[in-house]
Amino acid sequence: MSGDAPVGVFDSGVGGLSVLREIRARLPRESLLYVADSGHVPYGEKSPEYIRERCRRIADFLLGQGAKALVLACNTATAAAVAELRECHPGLPVVGMEPAVKPAAAATRTGTVGVLATTGTLKSARFAALLDRFAGDVRVVTQPCPGLVERIEAGELDGPQTRELLEGFVAPLLLEGCDTLILGCTHYPFIKPLLRRLVPESISLIDTGAAVARQLERLLQAGGLLAGGSVGARFWSSGEPAELERVLPLLWGEVAAVESLPV
């Protein structure tokens with residue numbers, strides 16, 4: 001595999017663009033492929049079997065496009081499918097997401113951490129294992145956020161509906177005394193400015209996009225796969241390509257053409 005081959009990144013929708021931005025910032029010489037499975041969003045309300053099937057199809061598509069590595073830029077997809085993809089593709093760098101329980105446990109001063117995430121992530125065995133491994137004496141309060149992904153998919157990062165939803169999800173966590181909030185879905189960093197206005201400055205907000213970019217860099221370096229020069233990004237959507245094209249300037253920072261995903 002050539003180091004100049006692209007990195008394949010996918011998510012249930014536009015949320016993984018927050019991870020793609022971190023990858024571009026850390027590895028600006030890498031060519032990137034991005035799939036938004038927007039025709040099947042949100043993953044958080046779907047069964048693990050359904051999500052695994054989508055992940056298999058998308059992974060095969062990206063590998064067919066020459067991807068040298070895969071990034072599951074979705075907590076729910078990671079929980080359901082990352083182990084199977086690693087087993088099916090031994091030797092291929094496969095990077096997943098996971099809610100930042102470890103850094104949140106280290107950051108909290110009150111000993112109470114809140115998690116904003118999808119229902120699928122919070123129900124997963126992977127999330128339970130993270131709590132067992134890293135939470136220790138920290139009390140973790142979870143908050144599923146149905147409907148929030150859909151608002152972000154529509155590019156409504158600061159509208160009244162998004163604000164009302166977010167206020168309702170955050171209020172119980174603040175009442176529980178959480179001083180650290182984990183953004184447990186890759187869509188949520190896009191509403192961090194809104195969230196920052198809804199919580200006191202003393203509340204820490206933690207996500208894992210930058211950590212994923214660092215892990216990808218480590219794996220590519222270990223495999224001698226760091227790119228030497230060519231750059232660029234291609235985008236596909238299983239939903240309406242025009243919808244992704246509409247929000248790319250807002251969420252990616254650039255205008256780009258979006259192709260229809262054939263799987």
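Just so you know, all these numbers are worked out from the coordinates, no wet-lab data involved. Here the structure is a predicted model, which is why all the values come from computation and not from measurement. Neighbour counts run over all protein chains shown; Cβ positions are idealised from the backbone, glycine included.
Gly111 sits among other residues whose Cβ lies under 13 Å from its own Cβ, and their net charge, with Lys and Arg +1 and Asp and Glu -1, is -1.
For the chain, the longest principal axis of the alpha carbon atoms and the long axis of helix 75-88 meet at an angle near 40°. With respect to the chain, whose longest principal axis is taken over its alpha-carbon atoms, helix 48-64 is tilted by about 30°. Between the range 92-147 and the range 210-260, what's the alpha-carbon centroid distance in Å? Taking the Cα centre of each part, the range 92-147 and the range 210-260 sit 26 Å apart. Each listed q (0.15, 0.16, 0.17, 0.24 Å⁻¹) maps to a log10 I(q)/I(0) for the range 192-263 from the Debye sum over equal C-alpha point scatterers, namely -0.87, -0.93, -0.98, -1.03.
Angle of helix 17-26 to the longest C-alpha principal axis of the chain, folded into 0 to 90 degrees and rounded to 10: 70°. Pairs of Cα atoms nearer than 8 Å and 6+ residues apart set the relative contact order; for the range 1-155 it is 24 percent.
Our summary of shape: the Cα atoms of the range 1-136 have principal axis extents of 47, 32, 27 Å, ordered from largest down, in whole angstrom. A Förster distance of 22 Å, applied to the separation of the beta-carbon atoms of Arg234 and Ala128, puts the FRET efficiency at 0.05. A DSSP coil position with no more than 10 other Cβ atoms inside 10 Å describes none of the trypsin sites (Lys or Arg not before Pro) in the range 50-98. Normalised Debye scattering of the range 101-206 at q = 0.13, 0.14, 0.16, 0.22 Å⁻¹ gives log10 I(q)/I(0) of -0.43, -0.50, -0.66, -1.20, counting only Cα atoms as equal scatterers and leaving out solvent. With the largest listed first and rounded to whole Å, the semi-axes of the equivalent ellipsoid of the range 130-263 from the Cα gyration tensor are 30, 23, 13.
Rounded to the nearest 500, the helix-only mean residue ellipticity at 222 nm of the chain stands at -12500 deg cm²/dmol, with each DSSP H run of n ≥ 4 adding -39,500 (n - 2.57). Rg and Dmax of the range 141-202, based on Cα coordinates, read 10.9, 32 Å. Counting only lysines at least 8 places from Lys123 when in the same chain, those with an alpha carbon closer than 18 Å to its own are Lys46. Once C-alpha pairs closer than 8 Å and six or more residues apart are averaged by separation and normalised to the residue number of the range 1-80, the relative contact order reads 48 percent. Partner aspartates and glutamates whose Cα lies under 14 Å from the Cα of Lys68, excluding those fewer than 8 positions away in the same chain, are identified as Asp4, Glu30, Asp60, Glu217. The loop-placed GluC sites (Glu not before Pro) in the range 187-252, going by DSSP, that have at most 15 neighbouring Cβ atoms within 10 Å of their Cβ come out as Glu201.
When the convex hull of its Cα atoms is viewed from all sides, the chain shows a mean projected area of 12.9 nm².
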